[in-house]
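What follows is a set of notes on a single structure, which appears directly below.
Coordinate-derived values only; no laboratory data. Keep in mind that this is a model prediction, so the values were computed, not measured. Backbone-built Cβ (ideal geometry, glycine too); neighbour counts: all protein chains shown.
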């Protein structure tokens, strides 16, 4: 009795099964970043950017395995927040810089709340993705962490 895969069925390593899921995670991450950029820039260009992530969401919702990376949407919301934290890295307060025509001063907020929100979203999305993949793996293999009584 042959227990292994038949010669017509190629062996698939667990890493080969996980790689496409991480690709879907990355795609959803980009979509999430698009939504965050749309909201952050709503007063200027955000309203014009909003159709792009919306269209991407509609297209991805029609793909059969795209939902496996959906937690990437959560992580993607954090990327523009990282950029806002970077822009305010010298804050809080009035920050002045020397330019050829004199001096330029700007009011900057504290970068720490932006950084905290960004890191929280990035970690939350990645943790949700990993937890979901482990759950799916346990379902496929039929293993459970419940102890017999």
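I'd like the distance between the alpha-carbon centres of region 13-89 and region 110-126, rounded to an integer number of Å.
15 Å
Could I get the Rg over Rh figure for region 68-149? Both from C-alpha atoms, Rh via Kirkwood, rounded to two places.
Value, to two decimals: 1.35.
Determine, for each peptide in 114-123, 32-41, 100-109, the mean count of other beta carbons within 10 angstrom over its residues, then list the peptides with the highest first.
Per-residue Cβ counts within 10 Å, averaged per peptide and sorted highest first, yield 32-41, 114-123, 100-109.
Got a sec? How would 45, 95 order by Cβ neighbour count within 10 Å, fewest to most? Can you show the working numbers first?
Values: 45 11, 95 14.
Placing the least packed residue first, the sequence is 45, 95.
At 1.567 mPa s and 4 °C, plugging the Kirkwood radius over alpha-carbon pairs of region 23-74 into Stokes-Einstein gives what diffusion coefficient in µm²/s?
118 µm²/s
I need to check one value: relative contact order of region 18-139, counting alpha carbon pairs closer than 8 Å and at least 6 residues apart, in percent. Walk me through the intermediate numbers first.
Values: 179 pairs, mean separation 33.2, N = 122.
Once normalised by length, the contact order is 27 percent.
How big is the C-alpha Rg of region 18-139 next to the rule-of-thumb value 2.2 N^0.38 Å, as a ratio?
Scaled against compact globular proteins, the figure is 1.32.
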